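J.: Structure in structure tokens, see below.
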Amino acid sequence: MDDTIMINKIRHGTVIDHIPVRKALMIPRILRLTEGKDTIAILVNAKSRLMDRKDIVKIENRILKDSEVNMLSLIAPGATINMIKDYKVAEKKSAVIPQRIEGLLKCPNGHCITNHDPEALTVFDLVTKSPLEMRCGYCNVSIDESEALKQVSGE
Ligand code: CTP
Ligand code: ZN
């Protein structure tokens with residue numbers, strides 16, 4: 001571990017650890033990190049004891065809510081989310097596929113109201129976890145895992 005890039009420990013905030021490689025780059029979009037004033041550090045391809053390589057995201061001064069933690073399950077189901085208080089790991093959480101996702105996914109139905117009313121926030125409810133299926137709360141059209149990932153990654 002002597003020839004690797006290190007990021008300082010943080011005093012208060014959230015460390016998302018054990019993210020599959022390159023998936024960290026999707027996290028600012030999922031958590032809307034760059035809309036706020038948070039200082040964030042993203043480490044891609046870090047050396048790991050447990051995994052071959054991993055990504056890490058550190059967010060200063062922001063403790064993620066459970067609903068935010070759960071959104072991470074779409075891209076990094078095995079991630080560990082560490083809540084840091086006073087330099088200590090106060091709590092470790094793992095991401096659980098959420099029952100409901102608001103304002104992140106776009107409805108694939110061109111006629112859906114969410115694609116016409118700029119004020120409308122999209123709502124998707126979980127139908128099945130495996131394979132992943134989520135259904136639009138307005139028009140009932142479904143999204144599968146590959147569509148959700150495509151949207152979340154911005155591809
Ligand atoms: N961390 C941090 N700032 C702190 C405390 C911890 O950035 N003040 C980071 C550590 O660098 C590590 C993660 O938070 O990436 C989890 O810390 P810790 O639980 O101490 O590490 P491990 O025991 O290796 O975690 P795990 O067992 O989950 O692999
Ligand atoms: Zn819809």
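J.: Could you please let me know if Ala79 is in contact (Cβ under 8 Å) with a residue 40 or more places away in the chain and among the small types (Gly, Ala, Ser)?
T.: Details: in contact (Cβ under 8 Å) with a residue 40 or more places away in the chain: yes; among the small types (Gly, Ala, Ser): yes.
Against the criterion (in contact (Cβ under 8 Å) with a residue 40 or more places away in the chain and among the small types (Gly, Ala, Ser)), Ala79 qualifies.
J.: Something else now. In segment 38-57, how many are within 12 Å of ligand 1 (Cβ to nearest atom) and under 12 Å from His18 (Cα atoms)?
T.: Of the residues in that region, 11 qualify.
J.: Among Thr34, Thr39, which is the only one that is of a type outside the set (A, V, I, L, M, F, W, C), in contact with an Asp or Glu (Cβ under 6 Å, 6 or more places away or on another chain) and surrounded by fewer than 20 Cβ atoms within 10 Å (Cβ to Cβ)? I'd like the intermediate steps shown before the answer.
T.: Values: Thr34 fails: in contact with an Asp or Glu (Cβ under 6 Å, 6 or more places away or on another chain).
When all the criteria are applied, what remains is Thr39.
J.: Within segment 32-83, can you find the residues that are of a type in the set (Gly, Ala, Ser) and over 22 Å from Leu126 (Cβ atoms)? Outline the logic, then answer.
T.: Just the residues of segment 32-83 that are of a type in the set (Gly, Ala, Ser), to begin with: 36, 41, 46, 48, 67, 73, 76, 78-79.
Gly36, Ala41, Ala46, Ser48, listed by residue number.
J.: Something else: Can you tell me which residue is farthest from Ile19 (Cα to Cα) among those in segment 66-94 that are acidic (Asp, Glu) and at pLDDT below 95? Write out each step before concluding.
T.: Step one: list which residues in segment 66-94 are acidic (Asp, Glu), which gives 66, 68, 86, 91.
The next check asks that each one be at pLDDT below 95; those that pass are 66, 68.
On the way: Asp66: 17, Glu68: 15 Å.
Looking at residues that are acidic (Asp, Glu) and at pLDDT below 95, I get Asp66.
J.: Scan the strands (runs of 3 or more DSSP E) fully inside segment 73-116 and keep the ones with 1 or more residues being away from ligand 1 (no atom under 16 Å from the Cβ), of a type in the set (Val, Ile, Thr) and within 22 Å of Lys9 (Cα to Cα).
T.: Working: elements: 80-85, 88-94, 100-102.
Once the strands (runs of 3 or more DSSP E) in segment 73-116 are filtered for at least 1 residues that are away from ligand 1 (no atom under 16 Å from the Cβ), of a type in the set (Val, Ile, Thr) and within 22 Å of Lys9 (Cα to Cα), nothing remains.
J.: Tell me, which residue of segment 60-72 that is outside any loop (DSSP other than H, G, I, E, B) and exposed (fewer than 13 other Cβ atoms within 10 Å of the Cβ) is farthest from ligand 1 (Cβ to nearest atom)?
T.: First pass over segment 60-72, keeping only residues outside any loop (DSSP other than H, G, I, E, B): 60, 66-72.
Next, only the ones that are exposed (fewer than 13 other Cβ atoms within 10 Å of the Cβ) stay: 66-67.
Working: Asp66: 18, Ser67: 21 Å.
Taking the candidates together, the pick is Ser67.
J.: Looking at segment 20-44, which of its residues are at pLDDT below 95 and in contact with a Lys or Arg (Cβ under 6 Å, 6 or more places away or on another chain)?
T.: Val21, Asp38
J.: How many residues, within segment 90-131, are closer than 30 Å to Arg53 by Cβ and either in contact (Cβ under 8 Å) with a residue 40 or more places away in the chain or near ligand 2 (Cβ under 10 Å from one of its atoms) (or both)? Please lay out each step first, then the result.
T.: First, pick out the residues of segment 90-131 that are closer than 30 Å to Arg53 by Cβ: 90-98, 101, 104-105, 129-131.
Then keep just the ones that are either in contact (Cβ under 8 Å) with a residue 40 or more places away in the chain or near ligand 2 (Cβ under 10 Å from one of its atoms) (or both); that gives 104-105.
Selection size over segment 90-131: 2.
J.: Return yes or no: is Arg22 surrounded by 16 or more Cβ atoms within 10 Å (Cβ to Cβ), more than 15 Å from Ile7 (Cβ to Cβ), charged (D, E, K, R) and without any contact (Cβ under 8 Å) to a residue 60 or more places away in the chain? Show your work before the answer.
T.: Values: surrounded by 16 or more Cβ atoms within 10 Å (Cβ to Cβ): no; more than 15 Å from Ile7 (Cβ to Cβ): yes; charged (D, E, K, R): yes; without any contact (Cβ under 8 Å) to a residue 60 or more places away in the chain: yes.
Here the answer is no, as Arg22 does not meet what is asked.
The values are calculated or read from the model by the stated rules, or taken from the named source; none is laboratory data. Given the structure is predicted, the values throughout are model-derived calculations rather than measurements. Cβ sites come from the backbone with ideal geometry, for glycine too, and all protein chains shown count toward neighbours.
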